[in-house]
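Colleague: Here's a structure for you.
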Amino acid sequence: MTNFKKILPVIVITQFFCTSLWFAGNAVLPDIVQIFHLAPSFLAHLTSAVQFGFITGTLVFAVLAISDRFSPVKVFFFSSVVAALFNLLILYDGINLAGLLGSRFLTGFFLAGIYPVGMKIASDHYKEGLSKSLGFLVGALVVGTAFPHLLKSLTYDLPWRYVIVCTSALALAGGLIMLLLVPDGPHRKAGQQMRFTSVLRIFRNGNFRSAAFGYFGHMWELYAFWAFLPVMLTLYKQQHPATDLSIPFFSFLIIASGGLACVIGGLLSQKFGQRRIAAIALSLSGICCVVSPLFLFNAPLIPFLAFLFFWGLAVVADSPLFSTLVAHNAPGESRGSALTIVNCIGFSITIVSIQFLNAAANYVDAQYLYMLLAMGPAAGLAAMYTGVDHLRPSGTSASGGQ
């Protein structure tokens, strides 16, 4: 069996490097808004372009069973190279608004060969202790997602293009490291081209459906919170002009703190079980949605930031646990496609929630707007505990359908 200590850190580093592409456009949004003379609400469309690209990519990858039919390591490498190149397209001097959105869409499309395929690679190496492995892996995704905000903070006095170049360089390095240092895992099973009937058959299993729908409720909240976090910080700063608050820096810190929560959640799940810890995290993030008007935007700075940090921890702590439950309750020969199709649906939901918040902002006071995100955790918790007696824990066989 592959040595855990040797392989997992490499997968984690490559995931961090490559997923830095995700919010690269968001980090330089003020510059994009200024160049193209756009409204700040363009944030929702820029984020949705990446999400829609990712959804399209995951659908294509799932239907063609790319990560099951071909070496997932090579798929990861190819996707990282192409995603990095499309990320650079935003720097083209003659690019128009359609080209800008197209660049983010295509970057998202090939992120489908990075994030879920990275989970597939981890699951092929670590049948035992998968939740701990995915805790580190999703933690790397979270920090990678936040990293462009830190780059923007560090290069504040430099041209915004530095953020784009740096994230593409990291993605190229990550893909190369994966190709050179990580072999295909010992638990990999070659699969066949996926049929839509196979997807329906997977969802007939109650345990798989429970895990997947819990994940869908989690996704309703997660990316909307990440996308609108700079908006929350900006509005607070506008209402408290004397406050010295670096929006890019605190956006990075709050989002990146979720990486620690993923690791802790994965470790706790080894003792208390994935479903229990996932349900606690989902409940806590749902409570944050409900009580958000108490802290947004009239609270003193320290309670305001403390609340956002706590929310940033709770909102993503369950992500690797849901991925583990999905992986362990999916058929071994189509595990990669199962993870991919669940990601596809989950990220489709993020577009709906982001655009829903964007539209609702015209009618709902900003202080109460984020209460609407509570619908996701509530639905997810209901799915986890409705009609399912037990979700397969880490360490049991995953050969049967979920």
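Colleague: Using alpha carbons only, how many degrees (0 to 90, rounded to 10) separate the axis of helix 375-384 from the longest principal axis of the chain?
Modeller: 10 degrees
Colleague: Using the Karplus curve 6.51 cos²θ - 1.76 cosθ + 1.60 with θ = phi - 60°, work out ³J(HN,Hα) for each residue of region 39-48 in order, rounded to whole Hz, and write x for Gly and Pro.
Modeller: 7, x, 5, 4, 3, 4, 6, 5, 5, 5
Colleague: Among L267, L308, L180, which one shows the biggest mean-square fluctuation in a GNM of the chain, springs joining Cα atoms closer than 10 Å?
Modeller: L180
Colleague: Assuming a strict under-26 Å limit between Cα atoms, what lysine pair count do you get for region 4-384 once near-sequence pairs (fewer than 8 apart, same chain) are dropped?
Modeller: 24
Colleague: Now, a different point. When only Cα pairs under 8 Å and 6 or more residues apart are kept, what is the percent relative contact order across region 4-384?
Modeller: Relative contact order here is 28 percent.
Colleague: If you don't mind, another one. Show me 237-243, 119-125 ranked by packing, highest mean number of other Cβ atoms within 10 Å first.
Modeller: Highest to lowest by the protection proxy: 119-125, 237-243.
Colleague: Based on the mean of other Cβ atoms within 10 Å per residue, sort peptides 296-304, 255-263, 284-292 so the most packed one is first.
Modeller: 255-263, 284-292, 296-304
Colleague: Could you sort 44-56, 358-370 so that the peptide with the highest average Cβ count within 10 Å comes first and the rest follow in order?
Modeller: Those peptides, ordered most packed to least, come out 44-56, 358-370.
Colleague: Which FRET efficiency value, to the nearest 0.05, do you get for D184 and N96 by plugging their Cβ-Cβ distance into 1/(1 + (r/R0)^6) with R0 = 41 Å?
Modeller: After rounding to 0.05, the efficiency reads 0.50.
Colleague: Using helices alone, what [θ] at 222 nm do you get for the chain, with -39,500 (n - 2.57) per DSSP H run of 4 or more residues, divided over all residues and rounded to the nearest 500?
Modeller: It comes out at -24500 deg cm²/dmol, rounded to the nearest 500.
Colleague: Next question, about the same structure. Per-residue HN-Hα couplings for region 269-284, Karplus 6.51 cos²θ - 1.76 cosθ + 1.60 at θ = phi - 60°, whole Hz, x for Gly and Pro?
Modeller: Karplus values, whole Hz, x for Gly and Pro: 5, 5, 9, 10, x, 5, 5, 5, 5, 4, 5, 5, 4, 5, 5, 5.
Colleague: Tell me, what HN-Hα J-couplings in whole Hz come from the Karplus equation 6.51 cos²θ - 1.76 cosθ + 1.60 at θ = phi - 60° for each residue of region 109-119, using x for Gly and Pro?
Modeller: 4, 7, 5, 5, x, 10, 5, x, 5, x, 5
Colleague: Please give the contour-minus-distance gain from R69 to Y162: 0.36 nm per residue of separation, less the Cα-Cα distance, rounded to one decimal in nm.
Modeller: 29.8 nm
Colleague: Rounded to the nearest 0.05, what FRET efficiency do F36 and V290 have when you use their Cβ-Cβ distance and R0 = 41 Å?
Modeller: 0.65
Just so you know, all these numbers are worked out from the coordinates, no wet-lab data involved. Not measured: the values here are computed from a predicted model. In this analysis, Cβ positions are derived from the backbone assuming ideal geometry, glycine residues included, and neighbour counts consider all displayed protein chains.
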